[in-house]
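Accompanying notes for the structure given below.
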Amino acid sequence: MAVRPVVMALSRSGEATAHKVAQALGAQVHGREGRVDAADAFFGNALDHARDLFAAGTPLIGVCASGILIRGVAPLLSDKRAEPPVISVSDDGGVVVPLLGGHRGANRLAHQISEALGGVAAVTTAGDVAMGVALDEPPAGYALANPEDAKGAMAAMLGGAGVQVQGKNIFEIESTGSGVDLIVTEAPVAGSEAALVYHPQRFVLGLGCARNADPAEMWTQVEAVLAEAGVAQGAVAAVASIDLKGDEPAMIEVAKRLGVPLRLFIAAELEAETARLENPSEVVFAEVGCHGVSEGAALAMVGSDGSLRVAKRKTLNVTVALGEAVAPLVVLKGRARGTLSIVGIGPGQASWRTPEVSRLVAQAEELVGYGLYIDLLGPLAIGKERSDFPLGGEEARCRYALEQAGQGKNVALVCSGDAGIYAMGALVFELMDRGADEMGVSDAARRVDVVCSPGVSALQGAAARAGAPLGHDFCAISLSDLLTPRDDILRRLKAAAEGDFVIAFYNPVSKTRRTLLAEARDILLKHRPSDTPVMLASSLGRPEEHVRYRRLDALEVDEVDMLTVVLVGSSNSKLAHLGTGPRMYTPRGYARKIDGDLSKQAS
């Protein structure tokens, strides 16, 4: 889904302007706490907030000094082709400055904002200044086939070379003679710095295949159909099929190689196209409930005014048809293949959340999770559909997220720490792997695209606060016997104690579970010194964070709660009292290695 822009208001003097910009763009207003009266969400630190939004790929408009936005996003600058627009607006709305992403929508947004405010768009991109257009940002529905040549072409035009428009004049600029050709065509024409080629995306590939068909076979047939039609790959707007095939690797690979969406239709929608099919099939109808998949999907996408450019072409395992719309396809019919992003947001603070997680959350249509974890996303969650589940409702939570994604939605399942460590990741795949008679999920839910993104785990966060307690072999053990038999936990405790691992205890206690932590302490005391350092880290990464150290023989259960990670050192772990305070570490053995190397040198 397209990510809506966010307008940041930093002061009351620019608050009214921020709301005008938001109204013009259909955007949210995020306001500085204590300095702005009305906003959709509030933030404490402007630099951190700008950085977090930028990392999520959110177009950012700041009603503030340009320098604030520049300092905020500067550490993340890497690829101008992927960075979202960043625009600064003066408090009075008189000046609008696109700072980043000029050719990714910033210049267009700046002009739109300046028109709404009656101000001036201070666009400095050379092509926009000289010609009023960005040649590497064609209108919606058109694709530039050779973007790598755009810079050279614009340089030539700025240097005095003429321009010749061939085909539709999509930029509405005047031809001035030979020099650089702007070619608008559906055909596969080679481009260069002297010829920028734009394809109107009017075509749709309708695909069908046997289960687990070879992607190479499908791609070969796609190339053959496009060659037969004389249509360039860049003129394809989407790939389409029946929803039952939404997880077919061959179709997913075609969409990926073309860089276009895969859109899906139910059988009834494809059956409605039967009268227009050139090759209806009773066999296909008996199998999937419609008389044609590839032709039906292509026709359903291009609409009643569209037609088949190439009827179904068939190999042993795949079918391909090419549909043609009367105009470029800007709004696509059908639905997307559902996506479930399993994201770990770390302990909660934004600075410990990865940019990838922020991006996946920003792109999601719906957030699912324990309410506290969604709350910890702060402004990133504002304005999104959310479904909160209580603690203890883990299976219902994962099942719901999968079924929502099975309807074609982009869903983020929000977990604290890392989603694959004592969290929802494993349960999602377990539900997908269960059979229908084992209380699994629907077939539609099994076909969704599942994306896993790592987060800072509680044990990593605790270790970082301590120093380096995980410097040697370590393990993690959950002391919750709600899902794991108590005897299994005790067996693992004894093995870890005998193995002299550094141990991170998750779920150490609850209101009803108070004994296992004490048993764990007593088991460990049989295998390591009584003065072994233990770190207790509560509410990591949050304002109420509390870190303290104890000897193993002084570890008290009443000092620990469910928000506490307990790190118990090995027999080699140390607690050093340094100028910066106590620091816990576990030597790897480098000192012995150095001593050995010196002995060899001496001998």
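The values are calculated or read from the model by the stated rules, or taken from the named source; none is laboratory data. Just so it is clear, the structure is predicted and the values come from calculations on it, not from any experiment. Every residue, glycine as well, gets a Cβ built from its backbone with ideal geometry; the counts of neighbours run over all protein chains shown.
Could you tell me which of the residues Ala504, Ala496 is out of contact with any Leu (no Cβ under 8 Å at 6 or more places or on another chain), closer than 14 Å to Leu479 by Cα and surrounded by 19 or more Cβ atoms within 10 Å (Cβ to Cβ)?
Numbers: Ala504 fails: out of contact with any Leu (no Cβ under 8 Å at 6 or more places or on another chain).
Just a single option satisfies the conditions, and that option is Ala496.
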The one condition Ala55 fails out of (1) farther than 30 Å from Pro328 by Cβ; (2) touching a Gly at 6+ places or on another chain (Cβ under 8 Å); (3) of a type in the set (Gly, Ala, Ser) is (2)
Across the stretch 544-603, which residue is nearest to Ile477 (Cα to Cα) among those that are surrounded by fewer than 10 Cβ atoms within 10 Å (Cβ to Cβ), of a type in the set (A, V, I, L, M, F, W, C) and at pLDDT below 85? Ala591
Pairs where the first residue, in the stretch 456-485, is within 19 Å of Ala518 (Cα to Cα) and the second is surrounded by fewer than 23 Cβ atoms within 10 Å (Cβ to Cβ) and acidic (Asp, Glu), C-beta under 7 Å, 6+ apart: none
In the stretch 397-414, what residues are in contact (Cβ under 8 Å) with a residue 40 or more places away in the chain, surrounded by fewer than 24 Cβ atoms within 10 Å (Cβ to Cβ), out of contact with any Asp or Glu (no Cβ under 6 Å at 6 or more places or on another chain) and not polar (S, T, N, Q)? Arg399, Glu403, Gly406, Gly408
All-but-one check, Asp433 against (1) more than 17 Å from Gly406 (Cα to Cα); (2) under 31 Å from the mean Cα position of the chain (by Cα); (3) without any contact (Cβ under 8 Å) to a residue 40 or more places away in the chain, failing number (1)
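Within the stretch 3-44, take every residue that is in a loop (DSSP other than H, G, I, E, B) and out of contact with any helix residue (DSSP H, G or I) (no Cβ under 9 Å at 6 or more places or on another chain) and give me the one that is surrounded by the most Cβ atoms within 10 Å (Cβ to Cβ). I'd like the intermediate steps shown before the answer.
So in the stretch 3-44, the residues in a loop (DSSP other than H, G, I, E, B) come out as 3-5, 10-11, 26-27, 33-40, 44.
If we keep only those that are out of contact with any helix residue (DSSP H, G or I) (no Cβ under 9 Å at 6 or more places or on another chain) as well, we get 11, 26, 33-34, 44.
Values: Ser11: 14, Gly26: 8, Glu33: 10, Gly34: 8, Gly44: 10.
This residue is Ser11.
Quick check on my filter: what residues within the stretch 416-427 are in contact with a strand residue (DSSP E or B) (Cβ under 6 Å, 6 or more places away or on another chain) and in a helix (DSSP H, G or I)?
Here is the first cut: in the stretch 416-427, the residues in contact with a strand residue (DSSP E or B) (Cβ under 6 Å, 6 or more places away or on another chain) are 417-419, 422-425.
Within the stretch 416-427, Gly425 is the sole residue that qualifies.
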Filter the stretch 170-183 down to residues that are exposed (fewer than 15 other Cβ atoms within 10 Å of the Cβ) and either part of a strand (DSSP E or B) or out of contact with any Leu (no Cβ under 9 Å at 6 or more places or on another chain) (or both), then give me how many there are. 5
The stretch 205-247, residues that are within 26 Å of the chain's Cα centre (by Cα) and hydrophobic (A, V, I, L, M, F, W, C): Val236, Ala237, Ala238, Val239, Ala240, Ile242, Leu244
Quick one: which strands (runs of 3 or more DSSP E) lie wholly within the stretch 288-405 and hold at least 1 residues that are within 21 Å of Arg263 (Cβ to Cβ) and of a type in the set (Lys, Arg)? 307-314
When you go through Arg108, Arg104 one by one, which is the residue that is buried (at least 16 other Cβ atoms within 10 Å of the Cβ), at negative phi and at pLDDT below 85? Arg104
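Return yes when Met439 is at positive phi, surrounded by fewer than 19 Cβ atoms within 10 Å (Cβ to Cβ), without any contact (Cβ under 8 Å) to a residue 60 or more places away in the chain and assigned by TED's automatic domain parsing to the domain that holds Leu391 and no when it is not. Don't jump to the end; show me each part of the working.
Details: at positive phi: yes; surrounded by fewer than 19 Cβ atoms within 10 Å (Cβ to Cβ): yes; without any contact (Cβ under 8 Å) to a residue 60 or more places away in the chain: yes; assigned by TED's automatic domain parsing to the domain that holds Leu391: yes.
In short, yes.
Please pick out the residue among Val534, Val509, Val451 that is touching a strand residue (DSSP E or B) at 6+ places or on another chain (Cβ under 9 Å) and under 24 Å from Val357 (Cβ atoms). Give the derivation first.
Numbers: Val534 fails: under 24 Å from Val357 (Cβ atoms); Val509 fails: under 24 Å from Val357 (Cβ atoms).
Going through Val534, Val509, Val451 in turn, the sole match is Val451.
Is the stretch 503-523 home to any residue that is part of a loop (DSSP other than H, G, I, E, B) and closer than 30 Å to Pro249 by Cβ? Give the steps one after another, and end with the answer.
Step one: of the stretch 503-523, the residues part of a loop (DSSP other than H, G, I, E, B) are 507-515.
When the remaining residues are screened for being closer than 30 Å to Pro249 by Cβ, the result is none.
The answer is no, given that none of the residues of the stretch 503-523 is part of a loop (DSSP other than H, G, I, E, B) and closer than 30 Å to Pro249 by Cβ.
Here is a list: Ala321, Ala327. Which entry is surrounded by fewer than 17 Cβ atoms within 10 Å (Cβ to Cβ) and in the same structural domain as Glu273 (by TED's automatic domain parsing)? Break it down stepwise before answering.
On the way: Ala321 fails: surrounded by fewer than 17 Cβ atoms within 10 Å (Cβ to Cβ).
Of the residues listed, the single one that is surrounded by fewer than 17 Cβ atoms within 10 Å (Cβ to Cβ) and in the same structural domain as Glu273 (by TED's automatic domain parsing) is Ala327.
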Of the residues in the stretch 1-36, those that are farther than 16 Å from Ile87 by Cβ and β-branched (Val, Ile, Thr) number 1
